[in-house]
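Chemist: Pasting a structure here, questions to come.
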Amino acid sequence: MRVIRVTAEDMNRAMRKVRETLGDDAIILATGKLPDGGVEITAAIDPPGDKPESKPPPPESALNSGLSGPVLDELTRKVEGLSQMLGRHVIAAEAAGNFAARPELLPIYDHLKRQEVDPAIIAQLLDGLRPSGGRGLLPRLAIRLKKMLKVSPGLHYSQRRPDIWTLVGPTGVGKTTTVAKLAALCALKLGMKVGLVTLDTFRIAATEQIKVYGRIMDLPTCVASNAGEFSEVLNNLREQDIILVDTVGRSPKDQDNMADLEAILAGGAQATCHLVMACPTRDRDQQEVVRSFGRFKPKTLIYTKLDETSVFGPILNQVVRSGLPVSYVTLGQKVPDDLEEANREMLVKRLMPPREEEQEYL
Ligand SMILES: Nc1nc2c(ncn2[C@@H]2O[C@H](COP(=O)(O)OP(=O)(O)OP(=O)(O)O)[C@@H](O)[C@H]2O)c(=O)[nH]1
Ligand SMILES: [Mg+2]
């Protein structure tokens, strides 16, 4: 493989240099801005006949090594992860390769990469993207993003009575605070009858936290520490419109603790689970959270701490990969103010280049 790095005043000139040196089959590996305002492109080409030698198959003994149980599971997971990663790199390289013919896509590609959108999703977003009505590519990009981002109506639109929402998720993401915000929205703003339940008996402070919110808002608040008690408190709260259930935070890697939570939740078969994730969490970790909390069959994603980051691609990535809609987002620590129902326009706006930079993408 021959790799070159070119610099120029702008992307079009840099792309022309790449094409002059490596031809139309060049693959763009990376692009960047220079301190003097120029740009740089690292590009490569595979000269004909420059193919890696094929490796002999692994010896039979490696396949029949007797590996089983958790070791084999772990290995399988790692291999799956590696092949997914490789697949993404191939798609990204292909997408970048397309820019040899469509250099005007490069700035958008760059922007979406900085937003940490999965390269495979970027490739989908940019495939065949054409300018519309003299306004460049951004309006069409916004339409495509809007189609990909699924949202679901908030819990107060539900006709079910009582509608029971159980918030599950990793430690410290803001589950209890979000329960309080949702309770305030439904009870104080919409005048609904709301009951609170906490299954978090792991720490005394956690039960206190929800009881304090219950007291301030004058809402019935119950604690349950096993499936039987959970079923009983749900029955006691059956006259409420909405029941919000707070749970103990669980590390996605701690399968034993996850199983304990699953056992308690079995007491509330009529409840729906909603997965709470903090937006600043890295994409790969969010993916692991969605995978391991999948056992609770969450109906929606709730994203917290949007105020703590300016990178929103992982939200799009999880929605596309899991097919789950976003129901709510939270944007700060204040109860009840910092909660919003998710809407596509708001999410698209966060993923698009800021208005003041739009000229750079035309
Ligand atoms: N900046 C910011 N902080 C938030 C937001 N939501 C919650 N927090 C803060 O995050 C911290 C943890 O919030 P909790 O609600 O206790 O989180 P939790 O998921 O219930 O935590 P565990 O029960 O320990 O798993 C607190 O300091 C909250 O004020 C948000 O939208 N933005
Ligand atoms: Mg909590």
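All of the numbers you see were taken from the coordinates with simple rules; none came from a lab. From a predicted model like this one, the values you see are computed outputs, not experimental measurements. Every residue, glycine as well, gets a Cβ built from its backbone with ideal geometry; the counts of neighbours run over all protein chains shown.
Chemist: Can you give me the angle between helix 255-265 and the longest principal axis of the chain, using Cα atoms only, in degrees from 0 to 90, rounded to the nearest 10?
Modeler: In the chain, helix 255-265 runs at an angle near 40 degrees to the longest axis.
Chemist: Test of understanding: what is the full-extension gain from Lys299 to Asp73, defined as 0.36 nm times their sequence separation minus their Cα-Cα distance?
Modeler: Length difference between fully extended and current span is 78.6 nm.
Chemist: Which log10 I(q)/I(0) values, to two decimals, does the range 174-225 give at q = 0.15, 0.23, 0.29 Å⁻¹ under the Debye formula with one point per Cα?
Modeler: -0.35, -0.80, -1.18
Chemist: Here's another thing I want to ask about it. Take every DSSP beta bridge whose two residues both sit in the chain, then give the antiparallel share in percent to the nearest 5.
Modeler: For the chain, the DSSP antiparallel bridge percentage is about 40.
Chemist: For the chain, take the convex hull of the Cα atoms, compute a quarter of its surface area, and give me that in nm², please.
Modeler: About 23.4 nm², averaged over all directions.
Chemist: At 7 Å along Cα-to-Cβ for each site, give me the label-to-label distance between Ala269 and Val3 in nm.
Modeler: The answer from the label model is 5.8 nm.
Chemist: Still on this model: How much length would be gained if the chain were fully extended between Glu262 and Arg135, taking 0.36 nm per residue of separation minus their Cα-Cα distance, in nm to one decimal?
Modeler: 40.6 nm
Chemist: Label-point separation (nm) for Lys334 and Arg355, each offset 7 Å from Cα along Cα-to-Cβ?
Modeler: 2.2
Chemist: While we're here: Starting with the fewest neighbours, write out Ile242, Ile121 ranked by other beta-carbon atoms found within 10 Å of each beta-carbon.
Modeler: Final ranking by Cβ density, sparse to dense: Ile121, Ile242.
Chemist: Please report the relative contact order for the range 155-342, taking Cα pairs under 8 Å with a sequence separation of at least 6, and give it as a percent rounded to a whole number.
Modeler: So the answer I get is 26 percent.
Chemist: Here is a further query. Using only alpha carbon pairs under 8 Å that are at least six residues apart, calculate the relative contact order of the chain and give it in whole percent.
Modeler: Value for the chain: 18 percent.
Chemist: Under 16 Å between alpha carbons, and skipping anything fewer than 8 positions from Lys147 in its own chain: which lysines qualify?
Modeler: Leaving aside lysines fewer than 8 places away in the same chain, those within reach of Lys147 are Lys349.
Chemist: Against the longest principal axis of the chain, how steep is helix 313-322, in degrees 0 to 90 to the nearest 10, with axes from Cα atoms?
Modeler: That helix lies at roughly 70 degrees to the long axis.
Chemist: Next up: Calculate for the chain the 222 nm mean residue ellipticity that helices alone would give, adding -39,500 (n - 2.57) per DSSP H run of length 4 or more and normalising by residue count, nearest 500 deg cm²/dmol.
Modeler: Calculated from helices alone, the mean residue ellipticity at 222 nm is -12500 deg cm²/dmol.
Chemist: May I pose another question? Given all pairs of different Cα atoms, what value in angstroms does the Kirkwood hydrodynamic radius of the range 318-357 take?
Modeler: 11.9
Chemist: While we're looking at this one, here's another question. Within the range 113-132, what residues put their amide N at less than 20 Å from the label point 7 Å along the Cα-to-Cβ vector of Lys33?
Modeler: Taking a point 7 Å out along Cα→Cβ of Lys33, the residues of the range 113-132 whose backbone N falls under 20 Å are 113-117.
Chemist: Still on this model: Compute for the range 163-286: radius of gyration divided by Kirkwood radius, i.e. Rg/Rh, restricted to C-alpha atoms, rounded to two decimals.
Modeler: 0.95
Chemist: By count of other Cβ within 10 Å, fewest leading, how are Tyr303, Tyr109 ordered?
Modeler: So the residues, fewest neighbours to most, are Tyr109, Tyr303.
Chemist: Another question about this same structure. Among the listed pairs Lys211/Lys334; Lys175/Lys299; Lys113/Lys299, give every one whose C-alpha distance is greater than 19 Å.
Modeler: Violating the 19 Å limit, Cα to Cα: Lys113/Lys299.
Chemist: Okay, moving on. Rounded to two decimals, what is the ratio between the C-alpha radius of gyration of the range 247-314 and 2.2 N^0.38 Å?
Modeler: With N residues counted in the range 247-314, Rg over 2.2 N^0.38 Å equals 1.17.
Chemist: For Val348, Val179, Val197, what ranking results if the residue with the fewest other Cβ atoms within 10 Å of its Cβ goes first?
Modeler: Fewest-to-most Cβ neighbours within 10 Å comes out as Val348, Val179, Val197.
Chemist: Using the Cα atoms as the points, what is the convex hull volume per residue of the range 1-48 in Å³?
Modeler: Dividing the Cα hull volume of the range 1-48 by its residues yields 55 Å³.
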